[in-house]
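The block underneath contains the structure these notes are about, expressed in structure tokens.
A short reminder: the numbers here are calculations on the coordinates, not readings from a lab. Every value quoted in this text rests on a predicted model; they were computed, and no experiment measured them. Note: ideal-geometry Cβ built from the backbone for every residue, glycine included; neighbour counts use all protein chains shown.
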Amino acid sequence: MTGRITICDSALEAVAGIADGATVLVGGFGSAGQPVALVEALREGGASELTVVSNNAGGGDHGLAALIRDGRVRKVVCSYPRQSDSWHFDAAYRAGAVELELVPQGTLAERIRAAGAGIGAFFTPTGFGTPLAEGKETRVIDGRGYLLEYPLPGDVALVAAHRADELGNLVYRKTARNFGPIMAAAAATTIAQVNQIVPVGALDPEHVVTPCLYVDCVVRVDRDVILSGERQ
Amino acid sequence: MSTLAGIDRDALACVVAADIPPGSFVNLGIGLPTRISNHLPPDSSVMLHTENGMLGMGSGAQGDQIDPDLVNAGKLPVTELPGASYFHHADSFAMMRGGHLDICVLGAYQVSAAGDVANWHTGRPGDVPAVGGAMDLAIGARQTFVMMTLLTRDGRPKLVPECTYPLTGLGCVSRVYTDLAVFLIQPEGVVVRDLFGIDFGTLTALVEVPLVDATQKAIP
């Protein structure tokens, strides 16, 4: 262990502090940047009544989808819950077992960013004049309509990065960066699963995307597990 | 009902591709618009943006090229081109919303004469709503084009006086590319630039929107 972060031996240990009722920000977009090991550990760990903020609402029978199937998620805040394999969310939603707050993807990202950046609220043109504007404060600025949107902070962020150093500086890979950097900044506690942990000084400071002050806990996960055997 | 042939998806993608100026920064929506990338000339230097955090996206990945860390907005594996860059989601949508992209091409259920677009939700009770990046894309780029079939499967026009499906964005569409005609949404009205296998009279009878025939004029 070095510095103020915790380097955990297992994903289960990393998520052990997540309480019932927590708001959990979960990174990932498609196969890229999904903190699969952390979400699976969260399910094994037993926390319930969770609010999950993520771009999607899980697919297939693993990760977020399994968390929803097991009735552990009270509310999902996301942009795109419906997928060809989102049967667990679809069933829970239709049964009224899970609440959905549908947020346009760019607004979702900006609300998360705002939470990490200390912004009280912001006006965005996205969604103005559409059904998703219902109940929202509006303003016309220079002839264009805007909606008032509020930050979306988390108690915990679960993100997947490519590499961490022992201080918790993170480097991502390709489109796996997606929500990772903004979620890491927006949560009281940020847990990162990474493919590799390197000594302090081994990362080029010019390449660090998430500086270590946003990160509380790092756990190394085998890339084979992350890829679910798809490659390597 | 008479059958109107029009042009097929790839021919339509060709028409759109020909209208994208070299060097443009472009976002191609999921579905039909994705085909446009197959018809951009190799030397066009058009750079494709994908809202999940990449500029300089290449074609779909095959075989050993497939990398789970490199996907497009449709979550399908893609490749990167020399000069590509990666950024996080908030930056990616700032790029879009901030008007830094030249063109966005979307699919749609309906487009109105005023350039309103509906493409995210059928509004049918029981359907799980999902919006993704549709609303940000519709209003973000400098120009928003729609690419769609002109008619629904049961023959109703998708270019309408006012959208009846839930709206995605207001007054944001400037061109509508369809299998039967290309429409320009302009302050003076809806202008028909190209016709494909249909004459202007038949088109006006089909669409409940007043149309201006400009097929004989040179439009830049």
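Could you compute the net charge surrounding B:VAL173? Neighbours are other residues with a C-beta less than 13 Å from the C-beta of B:VAL173; K and R count +1, D and E count -1.
With Lys, Arg at +1 and Asp, Glu at -1, the net is +2.
May I ask you to sort B:HIS88, B:HIS121 by Cβ crowding, counting other Cβ atoms within 10 Å and putting the fewest first?
Fewest-to-most ranking of B:HIS88, B:HIS121: B:HIS121, B:HIS88.
Compute a Gaussian network model of chain B, connecting alpha carbons closer than 10 Å, and tell me which residue from B:LEU137, B:LEU12, B:LEU81 fluctuates the most.
B:LEU81
Helix hunt in chain A: which complete DSSP H runs extend at least 15 Å axially by C-alpha with mean Kyte-Doolittle at least 0.0?
Sorted by number, there is nothing, because no helix extends far enough and scores high enough.
Starting from 0 in steps of 10 Å, tell me what percent of the Cα-Cα pairs of the protein assembly as shown lands in each bin.
Percent of Cα pairs in each bin: 4, 21, 29, 25, 14, 6, 2, 0.
Hand me the trypsin sites (Lys or Arg not before Pro) from region B:150-220 located in a DSSP loop with no more than 10 other Cβ atoms within 10 Å, in residue order please.
Answer in residue order: B:ARG153, B:LYS217.
May I ask what percent, to the nearest 5, of DSSP beta bridges between residues of chain A are antiparallel?
Numbers: 11 of 43 bridges.
Just about 25 percent of them are antiparallel.
Within 10 Å of each Cβ in peptide B:166-173, how many partner chain Cβ atoms are there on average? Round it to a whole number, please.
Shielding by partners across B:166-173 averages 4.
I'd like the Karplus ³J(HN,Hα) series for region A:160-170: coefficients 6.51, -1.76, 1.60, θ = phi - 60°, whole numbers in Hz, and an x wherever there's a Gly or Pro.
Going residue by residue, I get 10, 10, 7, 9, 10, 9, 6, 8, x, 5, 10 Hz, with x marking Gly and Pro.
How fast does region B:2-73 diffuse by Stokes-Einstein, in µm²/s, taking the Kirkwood radius from C-alpha pairs at 37 °C and 0.692 mPa s?
243 µm²/s
Calculate how steeply helix B:9-18 sits against the longest principal axis of the alpha-carbon atoms of chain B, using the helix alpha-carbon long axis, and give the answer as 0 to 90 degrees to the nearest 10.
Roughly 80 degrees, rounded to the nearest 10.
Within 10 Å of each candidate Cβ there may be at most 16 other Cβ atoms; applying that plus a DSSP loop requirement, which GluC sites (Glu not before Pro) in region A:30-106 survive?
Of the GluC sites (Glu not before Pro), the ones in loops of region A:30-106 whose Cβ has at most 16 other Cβ atoms within 10 Å are A:GLU49.
Residue-wise, which Karplus ³J(HN,Hα) couplings in Hz belong to region B:112-119, taking 6.51 cos²θ - 1.76 cosθ + 1.60, θ = phi - 60°, and x for glycine or proline?
Ordered by residue, 3J(HN,Hα) equals 8, 4, 8, x, 6, 10, 10, 8 Hz.
Going by amide H atoms built from the backbone, whose H comes under 5 Å of the H on A:VAL218, apart from near neighbours?
Amide H neighbours of A:VAL218: A:THR6, A:ILE7, A:CYS8, A:ALA192.
Could you tally the net charge around A:VAL171, taking each other residue with its Cβ under 13 Å from the Cβ of A:VAL171, Lys/Arg +1 and Asp/Glu -1?
With Lys, Arg at +1 and Asp, Glu at -1, the neighbours total 0.
Answer rounded, prolate or oblate for region B:91-181, using the Cα gyration tensor with square roots of eigenvalues a ≥ b ≥ c: rounded when a/c is under 1.5, else prolate when a/b is larger than b/c, else oblate.
In terms of gyration-tensor shape, oblate.
Report, please, the projected area of region B:9-213 averaged over directions, based on the convex hull of its C-alpha atoms, in nm².
That works out to 12.3 nm².
Is chain A best put as rounded, prolate or oblate by its Cα gyration tensor, with a ≥ b ≥ c the root eigenvalues, rounded for a/c under 1.5, and otherwise prolate when a/b is larger than b/c, oblate when not?
Oblate, because a/c is 1.5 or more while a/b does not exceed b/c.
Rounded to the nearest 5, what is the percent of antiparallel bridges among the DSSP beta bridges in region B:9-213?
In region B:9-213, DSSP labels about 50 percent of beta bridges as antiparallel.
Counting alpha carbon pairs within less than 8 Å and at least 6 residues apart, what relative contact order, in whole percent, applies to chain A?
23 percent
Quick check: pseudo-label points 7 Å beyond the Cα along Cα→Cβ at A:ARG94 and A:ILE197, how many nm apart are they?
4.4 nm
Antiparallel as a % of all DSSP beta bridges within the protein assembly as shown, to the nearest 5?
35 percent
Return the calculated 222 nm mean residue ellipticity for the protein assembly as shown, to the nearest 500 deg cm²/dmol, obtained by summing -39500 (n - 2.57) across DSSP H runs with n ≥ 4 and dividing by the residue count.
Only helices count here, giving -5000 deg cm²/dmol.
Say we join alpha carbon atoms closer than 10 Å with springs in a Gaussian network model of chain A; which of A:HIS62, A:HIS207, A:HIS162 then has the biggest fluctuation?
Result: A:HIS207 has the largest fluctuation of those listed.
Starting at 0 and stepping by 5 Å, how many percent of the alpha carbon pairs of region A:120-232 end up in each bin?
Histogramming region A:120-232 at 5 Å steps yields 2, 11, 17, 16, 12, 11, 9, 10, 7, 4, 1 percent.
Quick check: pseudo-label points 7 Å beyond the Cα along Cα→Cβ at A:TRP87 and A:GLU44, how many nm apart are they?
Simple spin-label model gives 2.5 nm for this pair.
Mean separation of Cα pairs under 8 Å and 6+ residues apart, divided by the residue count of chain B: what relative contact order is that in percent?
18 percent
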